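Visitor: There's a structure below that I have some questions on.
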Amino acid sequence: MTIKFFDVETGKEINKKTEEVKSEEKEEELKEEHYMLKEILEQPETIKKATEQDEQKLLETAMEILRAKNVIFTACGTARYAAIVGRYLFSKIAKKFSEVIMAHEFQYFIDSVDKDTLIIAVSQSGETADVLEGVKKAKENGAKIVAVTNVENSSLDRISDQTFFLNCGPEIAVASTKAFTGQLAVLYLLAFATVNKIQEVKIELKKVSEKVEEIISQNGGLLKELAEKLKDHQDFYFIARGIDFAIAAEGAIKLKEISYAHAEGMPAGELKHGTLSLIEEGIPIVAICPKDYTYEETLNNVQEAKSRGGFIIGVSDEKNEIFDSWLKIPKIEEIFYPLLTVIPLQLLAYYLAVARGNNPDKPRNLAKSVTVK
Ligand code: M6R
């Protein structure tokens, strides 16, 4: 079939350039019960695939990050939580301050974006309207655009100066899982590229992918049981500090979007500034507290919730008597914990949605890519 394009005003035919696009968007045969579960289980492999990046490109972008006056991440939802991990990494590894701005709020900061600004746009689909709008405006102001996306030839890919692909294959379930860990892997590579440690970080990310496998094979049963126990609760709180805060926020969004229960993720230090008044007997509090630089202080905040009757679910490599339920993760070099702690939270959200009789692949009122403003 031949398709012709015409200019609406002049009626003249427009000669369009044709380009062949790789389309992997066909839904593969499903062995698991849902795409979301399939995609969670794929992560040991997809994390490795995300590390397959051109080293020269990583080094060049790392230099841009260090040189830029301002580095701003823009993204929505889960992609924004990946960006928040990136922000902590840039500070800790590259010693570079950066900001994360929700894409739909970005236009209100556009006056401070100029040619010395580097924008890092994170988007699985590369088609999120809010992200594209902000990026276009930033480009008009002369900013450089780096995209972290899963989709080749997406609008974001085409508009950006540099693109890093996640290489994780199509993500079908509305709830983002393997794209999130892929985004993290790319951001770890960029952060470590700023200190010339690409090989070292690749070795660590390979170890991480093996540990992800371990979590998946060891925690499934326990998480199913826990979901059954918690299925009638309507409020959940996820708390953590530092880099782990992003995972608290990610755990909460995952749970609420597919189980339709209310969930909030927040920095643990913020509890006593308001939310603590909501904690009463039996309220589930998920504490992300690996044995890293946040451990002791997060546990102090967990104690505040526990003494008000909260039911504490600890995600940690270290057992603690304060936990009513312990989601065990393996030990790893501390900066990499976010890639491990998120896995039991994805599984918890999945099993909870199933226990509540929902279809986790197609949550009500939500679309896979939000192409409207
Ligand atoms: O395609 P994008 O990464 O730009 O999508 C952004 C959000 O809409 C998306 O991450 C959403 O929050 C997920 N459904 C959460 O699982």
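The values are calculated or read from the model by the stated rules, or taken from the named source; none is laboratory data. Computed from a prediction, not measured in an experiment: that's the story for all the values here. FYI the Cβ positions are ideal-geometry reconstructions off the backbone, even for glycines, and counts take in every protein chain you see. Areas reflect the complete protein model, heavy atoms only, side chains present, ligands, DNA and RNA absent. Shrake-Rupley method; radii C 1.70, N 1.55, O 1.52, S 1.80 Å.
Visitor: Net charge near Thr163: determine it from the other residues with C-beta under 12 Å of the C-beta of Thr163, scoring Lys and Arg +1 and Asp and Glu -1.
Guide: -2
Visitor: Quick check: net charge around Ala246, other residues with Cβ under 10 Å of its Cβ, Lys/Arg +1 and Asp/Glu -1?
Guide: Surrounding charge for Ala246 is 0.
Visitor: Now for a different question. Hey, got the dipole for the chain? About the Cα centre, +1 on K and R Cβ, -1 on D and E Cβ, debye to the nearest 20? Could the numbers behind the result be given before it?
Guide: Working: 48 positive and 60 negative charges, 86 e Å.
Roughly 420 debye for the chain.
Visitor: Which of the peptides 301-310, 198-207 is most tightly packed, and how do the rest follow, judged by the mean count of other Cβ atoms within 10 Å per residue? Spell out each step's value before the answer.
Guide: Values: 301-310: 17.7, 198-207: 15.6.
Ranking, from highest mean packing down: 301-310, 198-207.
Visitor: Hey, what do the phi angles of region 116-123 turn into as Karplus ³J(HN,Hα) couplings, whole Hz, using 6.51/-1.76/1.60 and θ = phi - 60°, x for Gly and Pro?
Guide: My calculation for region 116-123 gives 8, 9, 10, 9, 10, 9, 10, 7 Hz in order.
Visitor: Straight-line reach from Lys231: which lysines have a Cα under 26 Å away, not including same-chain ones fewer than 8 places off?
Guide: Lys231 reaches Lys31, Lys38, Lys178, Lys254, Lys256, Lys306, Lys319, Lys328, Lys362, Lys368.
Visitor: So, one more: Do the sum for the chain: with -39,500 (n - 2.57) for every DSSP H run of n ≥ 4, divided by all residues, what is the mean residue ellipticity at 222 nm, to the nearest 500 deg cm²/dmol? Let's see the in-between values first.
Guide: Working: 12 runs with 157 residues, N = 373.
So the calculated ellipticity at 222 nm is -13500 deg cm²/dmol.
Visitor: Under a 1.4 Å probe, what is the accessible area of the chain per residue, stated in Å²?
Guide: About 46 Å² of surface per residue is accessible.
Visitor: Any idea what % of Cα-Cα pairs in region 212-355 are farther than 21 Å?
Guide: Across region 212-355, Cα pairs with separations above 21 Å total 33 percent.
Visitor: For the chain, modelled as a GNM with alpha-carbon contacts under 10 angstrom, which of Asp244, Asp116, Asp157 fluctuates the most?
Guide: Checking each option, the largest mean-square fluctuation is seen for Asp116.
Visitor: Can you list the residues, at least 5 places off or on another chain, whose amide H is less than 5 Å from the amide H of Val100, using H built in the peptide plane?
Guide: Phe73
Visitor: Another one. Once the dipole of the chain is set up with Lys and Arg at +1 and Asp and Glu at -1 on Cβ about the Cα centre, which of His262, Ile198, Asn70 lies farthest towards its positive end?
Guide: Checking the options against the dipole of the chain, the answer is Asn70.
Visitor: Another question, if that's okay. Keeping the other protein chains in place, figure out the carbon and sulfur percent of the accessible area of region 33-196, with a 1.4 Å probe.
Guide: On the way: 2770 of 5850 Å².
Carbon and sulfur together cover 47 percent of it.
Visitor: Here's another thing I want to ask about it. Full extension from Glu334 to Met63: what is 0.36 nm times the residue separation minus their Cα-Cα distance, to one decimal in nm? Display every interim value, and only then the final one.
Guide: Numbers: separation 271, 0.36 × 271 = 97.56 nm, distance 2.51 nm.
Gain in length upon complete extension: 95.0 nm.
Visitor: Quick one: work out the % antiparallel among DSSP beta bridges in the chain, nearest 5.
Guide: Looking only at bridges with both residues in the chain, the antiparallel portion is about 5 percent.
Visitor: Can you check what the net charge comes to around Gly282, using other residues whose Cβ is under 14 Å from the Cβ of Gly282 (Lys, Arg +1; Asp, Glu -1)? Please report the intermediate quantities before stating the final value.
Guide: Working: positive: Lys229, Lys231, Lys306, Arg308; negative: Asp232, Asp235, Glu280, Glu281, Asp324.
Once all neighbours under 14 Å are counted, the net charge is -1.
Visitor: At a Cα cut-off below 27 Å, give the lysines reachable from Lys115, other chains included and same-chain residues fewer than 8 away excluded.
Guide: Lys57, Lys69, Lys92, Lys95, Lys96, Lys136, Lys137, Lys139, Lys144, Lys373
Visitor: Then there is this: Output the relative contact order of the chain, whole-number percent, from Cα pairs under 8 angstrom with separation of 6+ residues.
Guide: 18
Visitor: Could you check which residue among Ala138, Ala68, Ala79 shows the biggest mean-square fluctuation in a GNM of the chain with a 10 Å Cα cutoff?
Guide: Between Ala138, Ala68, Ala79, it is Ala68 that shows the largest mean-square fluctuation.
Visitor: For Gly310, what residues show an amide H to amide H distance below 5 Å, using hydrogens built from the backbone and excluding near sequence neighbours?
Guide: Residues meeting the criterion, in which the H sits 1.01 Å from N, are Gly282.
Visitor: Right, next: Among Asn141, Asn150, Asn15, whose mean-square fluctuation peaks in a Gaussian network model of the chain (Cα, cutoff 10 Å)?
Guide: In this elastic network of the chain, the residue with the biggest mean-square fluctuation among Asn141, Asn150, Asn15 is Asn15.
Visitor: In whole Hz, what ³J(HN,Hα) sequence does region 50-65 give by Karplus (6.51, -1.76, 1.60; θ = phi - 60°), x for Gly and Pro?
Guide: In residue order, the calculated couplings are 5, 7, 7, 10, 5, 5, 4, 5, 5, 5, 4, 5, 4, 5, 4, 4 Hz.
Visitor: Let me ask you something else. Which residues' amide hydrogens lie under 5 Å from the amide hydrogen of Val286, considering only partners 5 or more residues apart or on another chain, with H built in the peptide plane?
Guide: HN-HN under 5 Å from Val286: Tyr237, Phe238, Ile239, Ile313.
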